[in-house]
Amino acid sequence: MVETTKAVFTPEEVFGIVIYNEDYRKTPQYENLVDVNRDKEKMEETFKLLRIPEKNTTYLKDGSWDDIDLLFTEMQLKA
């Protein structure tokens, strides 16, 4: 009988990022989202359960494309 082993994913660092947009006034084809803050709170709980350190979590509310691009550029520079 051949013994199999499972691959184990052991990341050196894990990051949690939540981009949540509530305000869609600049995009009239979409309505504002009223429950988005609750979604953010649920993700905070999820990150805690996953033991992602608070210093490795980022929350961006009502982020523009430029804000999101800057966020990921900053993350690449830290890596």
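Quick check: is even one residue across the range 54-64 among the aliphatic types (A, V, I, L, M) and in contact with a Leu (Cβ under 7 Å, 6 or more places away or on another chain)?
Of the range 54-64, the ones among the aliphatic types (A, V, I, L, M) are 60.
Remaining after also requiring in contact with a Leu (Cβ under 7 Å, 6 or more places away or on another chain): 60.
Yes - at least one qualifying residue is present in the range 54-64.
Only residues that are over 15 Å from Gly16 (Cβ atoms) and of a type in the set (D, E, K, R) were counted across the range 27-60, and they come to 3. In the range 28-57, the residues that are of a type in the set (Ser, Thr, Tyr) form Cβ pairs under 9 Å with partners that are surrounded by 10 or more Cβ atoms within 10 Å (Cβ to Cβ) and assigned to a strand (DSSP E or B), at six or more places apart or across chains, as follows: Thr46/Gly16; Thr57/Gly16; Thr57/Ile17; Thr57/Val18.
Scan Ile17, Ile68 and give me the residue that is in a strand (DSSP E or B), in contact (Cβ under 8 Å) with a residue 12 or more places away in the chain and of a type in the set (A, V, I, L, M). Spell out the reasoning first.
Details: Ile68 fails: in a strand (DSSP E or B).
It is Ile17.
Take Asp66 and decide whether it is at pLDDT 90 or above and loosely packed, with under 10 Cβ neighbours inside 10 Å.
On the way: at pLDDT 90 or above: yes; loosely packed, with under 10 Cβ neighbours inside 10 Å: yes.
Spelling it out, Asp66 is indeed at pLDDT 90 or above and loosely packed, with under 10 Cβ neighbours inside 10 Å.
Every listed requirement among (1) without any contact (Cβ under 8 Å) to a residue 40 or more places away in the chain; (2) surrounded by 12 or more Cβ atoms within 10 Å (Cβ to Cβ) is met by Leu77 save one, (2).
Tallying residues that are surrounded by 12 or more Cβ atoms within 10 Å (Cβ to Cβ) and in a helix (DSSP H, G or I) within the range 43-57 yields 6. With respect to (1) at pLDDT below 90; (2) in a helix (DSSP H, G or I), the lone exception for Tyr24 is condition (2). Residues in the range 26-42 that are surrounded by fewer than 12 Cβ atoms within 10 Å (Cβ to Cβ) and aliphatic (A, V, I, L, M): Val34 only.
The values are calculated or read from the model by the stated rules, or taken from the named source; none is laboratory data. Quantities reported herein were computed from a predicted structural model and do not represent experimental measurements. Here Cβ is always computed from backbone atoms with ideal geometry, including for glycine, and neighbour counts include all displayed protein chains.
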